[in-house]
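Following: one structure in C-alpha cells, then a few remarks.
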Amino acid sequence: MNEQQLPLTQALGFTREPFDKNLPAKHLFVSTQIKQLFSQLKLLLQRRGIALITGEIGAGKSTAIRAFTEQLETNQYDVAYIADPTIGIRGILNSIAIQLRLEGGYFKWQLLQQLKAAIEKNAYDFNKTTLLIIDEVQHISPKELEQIRLFTNFKIDSQTPLNLILLGQPNVNKTIRLHSMKALAQRTNFRYHLAGLDNNEAKSYITHHLSVAGRNDTLFSDDVIEDIFQQAKGIPRVINNLCYACLIDIYQNNKNIVDTPTLEKVLIQWDFAKNI
C-alpha cells in the first residue's frame, strides 16, 4: 500500500478523479464520430423530426447527447430527457410534463393535451423548439414505441414543433424493422451508429483524460495503450475502467508508470474476457 496513505488522486499527482464517469460535458473527448454526430444533430434540429442513435454498451451515446444538449441555447430549446423508459407511457409523459414545467396529469389523455398544447405554444408563440430524448429504447415494446410516434403527430399542415431523439443498443434496429413499426421507420429521418474509438484515437483519448485530471506526462506506455484499446475494442467506458484499474494497481504497489505487467495483472484479476 502507498506508504503515505494518500488518496489515489493525490498520490498519483492528479487534481481531480481520473477517468471519471461524471466528467463535465465541457471536457468530453470529441472524437471524429462525435463531431459528425453533433453536426448532423444540428441539421436535425433545423429540419425537425425523429433521430435514432445506436451504439454498443459504453460507446458514449448518453454522454455525447448530454454534451450536445448543454451547447443549446435555453431560450431556443426546451429539453426533456427520459433515462428509464420502462416507467411506461404514462410515466414517460408525466416526466416530460414535469421537465417542461407543467403539472402532471392523472390520465394519459390529460397529459397528452397539456403537452401538445405547451409544445405548440413554445413553437408558434415563442419560436422555441422542444427536444425530447428517450434513452435505452431497446427496453420499450413495439406497442409503446408506436404510442411515442403517435405523440409526435401534430397539425398536418405545419412543421412539427417537436424533435425526438431515440437512443439505444443496436438490437433496437430489429424492432424498428418490424412491419408494425413501418410508420416510425419512415418518420425516422436521421440514423447514426456510434462505434468505439479507432486505433488512432485511443492514445489521444487516454492522454486527454489524464490531462483533464492534471497529468500531462507519460503515465501509460504506448504498448499498454495499444493493448488497452485492443482489449476494450475501442469502447470508451471499458477503456476508462481498465485505465482506472491500472492506476489502482500502481498506486497500491508504489509504481510510477502503467506497464505491460500491470495491465496483464489487471486483466487476470478482472477475468476480463468474461466481463467485457
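Every read-out reported here was derived from the displayed coordinates using simple, explicitly stated rules and does not represent laboratory data. Because the structure is predicted, anything quoted here is derived from the model rather than measured. Cβ coordinates were reconstructed from backbone atoms using ideal geometry, including for glycine residues, and neighbour counts include every protein chain displayed.
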Query raised in the report: Taking GluC sites (Glu not before Pro) as exposed when DSSP calls them loop (any state but H, G, I, E, B) and at most 10 other Cβ atoms lie within 10 Å, what is the longest stretch of the chain free of them, the sites themselves excluded?
Result: 104-276
**Report entry** Cubic angstrom per residue, convex hull over Cα atoms of the stretch 27-194
**Finding:** 112 Å³
Query raised in the report: With charges only on Cβ, +1 for K and R and -1 for D and E, what is the dipole size of the chain about its Cα centre, in debye, rounded to 20?
Result: 1380 debye
Query raised in the report: When only DSSP loop residues count, what chymotrypsin sites (Phe, Trp or Tyr not before Pro) in the stretch 69-156 have their Cβ near at most 16 other Cβ atoms within 10 Å?
Result: Tyr106, Phe107, Phe154
Query - Reduced Cα scattering model of the stretch 78-158, Debye log10 I(q)/I(0), q = 0.11, 0.15, 0.23, 0.27 Å⁻¹ - result: -0.27, -0.51, -1.20, -1.51
Requested in this report: Could you list which residues have their amide H under 5 Å from that of Ile165, counting only those 5 or more apart in sequence or on another chain, with H placed in the peptide plane?
Outcome: Ala51, Leu132, Ile133, Ile134
Query raised in the report: Per residue and in Å³, how big is the convex hull formed by the alpha-carbon atoms of the stretch 198-270?
Result: 81 Å³
Query raised in the report: Using θ = phi - 60° and the Karplus form 6.51 cos²θ - 1.76 cosθ + 1.60, what ³J(HN,Hα) does each residue of the stretch 161-168 get, whole Hz, x for Gly and Pro?
Result: x, 10, 9, 10, 10, 9, 10, x
Report task. Identify the trypsin sites (Lys or Arg not before Pro) of the stretch 90-166 meeting these criteria: DSSP loop state and at most 12 other C-beta atoms within 10 Å of the C-beta. Result -> Arg101, Lys155
